[in-house]
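A.B. asks: Dropping a structure here in structure tokens format, bear with me for questions.
The values are calculated or read from the model by the stated rules, or taken from the named source; none is laboratory data. Quick caveat, the model's predicted, so the values are computed rather than measured. Counting neighbours? That spans all protein chains shown, and the Cβs are built from the backbone with ideal geometry, glycine included. What goes into the accessible areas is simple: the full protein's heavy atoms, side chains included, and nothing from ligands, DNA or RNA. Shrake-Rupley method; radii C 1.70, N 1.55, O 1.52, S 1.80 Å.
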Amino acid sequence: MTDGMRIRHTMIRVADLERSVAFYTKMLGMTEMRRRESAARGETVAYVGYGENEEATHALEIVQEHAPPAEYVHGNTYGHIALGVPDVQALSDRLVAAGVRFSTLPQPVREGSPNKLAFCLDPDGYEIELTERR
């Protein structure tokens, strides 16, 4: 049943597509894979990720509605995007210097672990877990 199945993308709604694409590409080093606009659905969509093609790797689908609600509400459940990175401290230092907000600054994954984790916030307040495995 799972032959040929995979997770294609994860979708988030954002207030400003250009601001979000800039954050994910410039701050986190992703590539904008493609973009599409749908007048019928009233949205503009960008796909970003680590690679050139969302068919070859998991992508983040960023959606801006043309007539958005007055306010986006994330809900009352905990969720986040997780990225494996080679050096959490170095990336976090760069992001802090660029003004990116953090909900959890770099710290050991668990007591005694050489691996670190941190949680930064994208421009719309989505949490991004930064983790390393050494």
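A.B. asks: Scanning segment 1-24 for residues that are of a type in the set (A, V, I, L, M, F, W, C), in contact (Cβ under 8 Å) with a residue 24 or more places away in the chain and out of contact with any helix residue (DSSP H, G or I) (no Cβ under 6 Å at 6 or more places or on another chain), which turns out farthest from His58 (Cα to Cα)?
C.D. replies: Kept after step one, since they are of a type in the set (A, V, I, L, M, F, W, C), are these residues of segment 1-24: 1, 5, 7, 11-12, 14-15, 17, 21-23.
When the remaining residues are screened for being in contact (Cβ under 8 Å) with a residue 24 or more places away in the chain, the result is 7, 11-12, 14-15, 17, 21, 23.
Now restrict to residues that are out of contact with any helix residue (DSSP H, G or I) (no Cβ under 6 Å at 6 or more places or on another chain): 7, 11-12, 15, 17, 21, 23.
Values: Ile7: 6, Met11: 11, Ile12: 14, Ala15: 22, Leu17: 19, Val21: 16, Phe23: 18 Å.
Checked segment 1-24; the qualifying residue farthest from His58 (Cα to Cα) is Ala15.
A.B. asks: Shifting gears a bit: Would you confirm, using the coordinates I've provided, whether Tyr47 is modelled with pLDDT of 95 or more, surrounded by 12 or more Cβ atoms within 10 Å (Cβ to Cβ) and either in contact with a Cys (Cβ under 7 Å, 6 or more places away or on another chain) or under 18 Å from Ala118 (Cβ atoms) (or both)?
C.D. replies: Details: modelled with pLDDT of 95 or more: yes; surrounded by 12 or more Cβ atoms within 10 Å (Cβ to Cβ): yes; either in contact with a Cys (Cβ under 7 Å, 6 or more places away or on another chain) or under 18 Å from Ala118 (Cβ atoms) (or both): no.
In short, no.
A.B. asks: A further question follows. Give just the number: which of (1) open to solvent by less than 30 Å² (accessible area, probe 1.4 Å); (2) more than 24 Å from His58 (Cβ to Cβ); (3) β-branched (Val, Ile, Thr) does Ile128 not satisfy?
C.D. replies: Failed condition: (2).
A.B. asks: Would you mind finding the one in Val88, Val63 that is within 18 Å of the chain's Cα centre (by Cα), modelled with pLDDT of 95 or more and over 30 Å from Ala39 (Cα atoms)?
C.D. replies: Values: Val63 fails: over 30 Å from Ala39 (Cα atoms).
The match here is Val88.
A.B. asks: Let me ask something additional. Any idea which residue in segment 36-45 is nearest to the chain's Cα centre (by Cα), counting only those that are part of a strand (DSSP E or B) and without any contact (Cβ under 8 Å) to a residue 12 or more places away in the chain? Outline the logic, then answer.
C.D. replies: At the first step, the residues of segment 36-45 found to be part of a strand (DSSP E or B) are 36-38, 43-45.
Applying the additional criterion that residues be without any contact (Cβ under 8 Å) to a residue 12 or more places away in the chain yields 36-38.
Details: Arg36: 19, Glu37: 20, Ser38: 22 Å.
If we take residues in segment 36-45 being part of a strand (DSSP E or B) and without any contact (Cβ under 8 Å) to a residue 12 or more places away in the chain, then Arg36 is nearest to the chain's Cα centre (by Cα).
A.B. asks: Six or more apart or on different chains, Cβ under 9 Å: which pairs go from a residue in segment 46-60 that's among the polar types (S, T, N, Q) to one that's modelled with pLDDT under 95? Could you list them?
C.D. replies: Correct list of pairs: Thr57/Gly51.
A.B. asks: Can you tell me which residue in segment 68-83 is farthest from Phe102 (Cα to Cα), limited to those that are open to solvent by 90 Å² or more (accessible area, probe 1.4 Å) and among the aliphatic types (A, V, I, L, M)? Step through it out loud before you land on a result.
C.D. replies: Within segment 68-83, the subset open to solvent by 90 Å² or more (accessible area, probe 1.4 Å) is 70-71, 73-74, 76-78.
From what is left, the residues that are among the aliphatic types (A, V, I, L, M) are 70, 73.
Working: Ala70: 25, Val73: 19 Å.
For segment 68-83, the residue satisfying everything is Ala70.
A.B. asks: Still on this structure, please answer the following. Given the condition touching a helix residue (DSSP H, G or I) at 6+ places or on another chain (Cβ under 8 Å) and part of a helix (DSSP H, G or I), answer yes or no: does some residue in segment 25-35 qualify?
C.D. replies: Checking segment 25-35: at least one residue is touching a helix residue (DSSP H, G or I) at 6+ places or on another chain (Cβ under 8 Å) and part of a helix (DSSP H, G or I).
A.B. asks: Just need a number here: residues in segment 10-33 that are open to solvent by 40 Å² or more (accessible area, probe 1.4 Å), more than 23 Å from Ala67 (Cβ to Cβ) and more than 11 Å from the chain's Cα centre (by Cα).
C.D. replies: 3
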